[in-house]
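Heads up: the structure comes next, in structure tokens.
The numbers here are math on the coordinates, done by the rules we state, and not lab data. Everything numeric in this text was worked out from a predicted model, so none of it was measured. Note that each Cβ is placed from the backbone with ideal geometry, even for glycine, and that neighbours are counted across all protein chains shown.
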Amino acid sequence: MNILFLDQFSDLGGAQQCLLDLIPAIHARGWRAFCGVPGDGPFPVKLRELGAEVSPISCGPYASGRKSVGDALRFARQLPRLTGETTRLAQNARADLIYVNGPRVLPAASRAARGRWPLVFHCHSRPSGEYAIQLVGRALRRADAEVIACSRFVAEPFAGSKLHVIYNGVRAGAPHRREPPPWRIGVIGRIAPENGQREFLQAARLLSQRVPGLQFVVCGAPLFASSGARKYAAGLTALASGLPVEFLGWRDDVGAVLAHLDILVAPSAGNPGAPRVILEAFAAGVPVVAFAAGGIPELVADGETGFLIEAQNPQALSARLEALLQHPATLSEAAHRALAAWKMRFTVERYQQEIIATLTRVSPTRVPPQGA
């Protein structure tokens, strides 16, 4: 089977890493992966390293978060071109189906696929706002598309569609070992308002006033093409003034960063689906404290596999961290239970198997199961 994968970014993020995790399983089945990606950043480089055939497409740049009038006009101008590019790529690849890994390329893909190729949309986060939900919904209906949602929360707006809830999976992490003091508390992820680094630093300032000697870590970088995200990142540097905060920038090896953290904070403030970094912390045995936003409560059971607090509340985050630091055994026990949950529910092998099974059902070629 030949699959055309389309993505909206050339930067690396959680959705892109999910696709990178899938490509080896595609090739293991004897299938071929063709990818359309805008620009020539680190993501297409890694796709090529995995043996995928990559071609450029027209998409963006757009601001992160709420879109401007300029973004809307740019989207409208690019739509016919991207539709044509998608059609040509699918024809040249002799594609059996089209797999869309981001909502910005979905309208063009649905126009190209309609009546010609089966379409699968992998939804990694809930669209922001009613207009975006309607836009995605129309595109799905146009192509009679299948939807893979990374959580039940993400799936909710598309209840009338052909839905498959498949949680993300991650590889095993290096076992975490508690190092001598000071405690290191960190946040990992693309720097953007929806990922809550501002709230994390606000909580860090409150916490450091009550618990001296702590160290804080911010790992991540803004999207290169987003001036708004770069401005947000500059504001974080100012907010951290006088705090014991280490800014690591972007790191490909999240496991190496987790190995030196004692607590991972996941302060997502938008509509997160199922953040990979939480599962990576589970696999590494690092305790997780997270905002109860979006699909996060589907991953973290409060007091069992981690700790949940009210979203966008730095005061609550600071207070919960202070209480947990006084009871290290509670943190350790939660981390052990989270590791067991990862082994049962969130391995990359389980993720690959469920995606492959879905694509097999959707394919018009009805590919037989492996080994049949």
Cα centroid of the stretch 80-134 to Cα centroid of the stretch 233-279, whole Å: 31 Å
Ratio of the Cα radius of gyration of the stretch 130-255 to 2.2 N^0.38 Å, where N counts its residues: 1.41
Vicinal HN-Hα couplings computed from phi for the stretch 104-114 (Karplus, 6.51 cos²θ - 1.76 cosθ + 1.60; Hz; Gly/Pro x): 5, 9, 5, x, 5, 5, 5, 5, 5, 7, 3
Nearby aspartates and glutamates by direct alpha-carbon distance to K343 (threshold 19 angstrom, same-chain neighbours under 8 apart not counted): D21, E280, E298, D302, E304, E333, E354
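I need H336, H164, H124 ordered by Cβ neighbour count within 10 Å, fewest first. All intermediate terms of the calculation are to be shown ahead of the outcome.
Working: H336 13, H164 18, H124 24.
The most exposed by this proxy come first: H336, H164, H124.
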Long-range HN-HN contacts of T347 with modeled amide H, under 5 Å: V170
G36 long-range amide H proximity, modeled H, under 5 Å: F5, L6, D7, S55
Least to most buried among V211, V362 (fewest other Cβ within 10 Å first): V211, V362
Residue order, fewest to most beta carbons within 10 Å, for D7, D40, D21, D253: D253, D40, D21, D7
Under 5 Å, built H, 5+ apart or other chain: amide partners of C123: I148, A149, C150
All-pairs Cα distance distribution in the stretch 134-208, expressed in whole percent, bin size 5 Å: 3, 11, 13, 12, 13, 15, 12, 9, 6, 5, 2, 0
Intensity falloff of the stretch 184-345 expressed as log10 I(q)/I(0), Debye formula with alpha-carbon point scatterers, at q = 0.09, 0.16 Å⁻¹: -0.25, -0.85
Using θ = phi - 60° and Karplus 6.51 cos²θ - 1.76 cosθ + 1.60, couplings along the stretch 289-305 (whole Hz; Gly, Pro as x): 10, 9, 6, 7, 10, x, x, 4, x, 6, 9, 9, 8, 4, x, 10, 9
Rounded to whole Å, sorted largest first: equivalent-ellipsoid semi-axes of the chain, Cα gyration tensor: 36, 23, 18
Helix 328-345 axis, angle to the chain major axis (alpha carbon atoms, nearest 10°): 10 degrees
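Compute the Rg/Rh shape ratio of the stretch 252-305: radius of gyration over Kirkwood radius, all on alpha-carbon atoms.
0.94
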